[in-house]
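Nothing in this text is a laboratory measurement; each read-out follows from the coordinates by a stated rule. Everything numeric here is computed off the predicted structure, so don't read it as measured data. Glycine also receives a Cβ, built like all others from the backbone with ideal geometry; neighbour counts cover every protein chain displayed.
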Amino acid sequence: MSIRISGGYLKGRLINSPKNGDGIRPTTARVKLAIFSTLGQDRVRSKKVLDLYSCSGALGFESISRGAVSVDFVEKNNKNCDLIIRNMELLEVRGLGKVHRTNSEMFLNRSDGEYDVVFLDPPYAIDNWDFVMSKVGEPGFMNSDGVVIAEHFRSVNLSESYGFIKCVDSRSYGDSNISYYEVSVG
């Protein structure tokens with residue numbers, strides 16, 4: 001299965017994706033385009049990006065295509081990690097990304113943070129949203145103008161704020177909700 005990059009200098013290029021099933025639910029082209037339209041070009045250009053629960057790395061590659069200076073891809077499945085590495089080679093962006101073969105919770109526990117953009121697109125079955133969002137909302141994890149984009153099942157109710165991040169927008173697309181959080185100090 002292939003996924004098309006929807007914008008930026010890699011627009012139209014294809015990356016490989018695992019087959020659907022076993023909890024794999026790639027972000028649809030419509031939702032991906034909506035996310036990046038809402039963010040705008042300047043929110044990712046020259047920014048440090050974290051793609052948690054990466055799967056194929058589609059959101060990270062969209063960020064690279066739109067000018068991100070680096071992307072940390074976090075994925076626990078070894079086959080998906082290898083897929084992300086092959087996609088980096090295919091797109092010739094190997095120097096802009098780093099693959100972390102670990103689960104997202106362990107990564108969050110040891111990361112120094114300082115991210116500008118964080119994408120959270122976990123399998124819909126996860127039940128530890130409060131932990132993950134609280135870690136992302138800790139002081140210093142996000143830079144002062146940072147944004148967090150969380151894709152979750154429509155029935156999942158995320159809190160209005162977690163530490164230093166506060167929800168500023170939420171939009172529905174079918175059975176998906178996209179919640180946008182920004183750093184809010186004070």
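Which is the longest part of the chain that has none of the GluC sites (Glu not before Pro) sitting in a DSSP loop with at most 12 other Cβ atoms within 10 Å?
1-91
Specify which labelled value, from (1) 14.9, 45; (2) 16.0, 46; (3) 23.8, 80, agrees with Rg and Dmax of the Cα atoms in Å derived from the coordinates of the model shown.
Entry (1).
State the antiparallel share, in %, of DSSP beta bridges confined to segment 92-186, rounding to the nearest 5.
If we restrict to bridges inside segment 92-186, about 75 percent are antiparallel.
If you wrap a convex hull around the Cα atoms of segment 111-186, how much volume per residue is inside, in Å³?
81
Between Ser2 and Val185, 0.36 nm times their residue separation minus their Cα-Cα distance comes to what?
This chain segment gains 61.8 nm when fully extended.
Considering only DSSP beta bridges whose two residues both sit in segment 2-183, what percent are antiparallel, to the nearest 5?
Counting DSSP beta bridges with both partners in segment 2-183, the antiparallel share is about 50 percent.
Estimate the FRET efficiency between Ser159 and Arg101 by the formula 1/(1 + (r/R0)^6), using the beta-carbon distance for r and 30 Å for R0, to the nearest 0.05.
0.50
Kirkwood-based Rg over Rh for segment 1-102 (C-alpha set), two decimals?
With Rh from the inverse mean 1/r over Cα pairs, Rg/Rh is 0.92.
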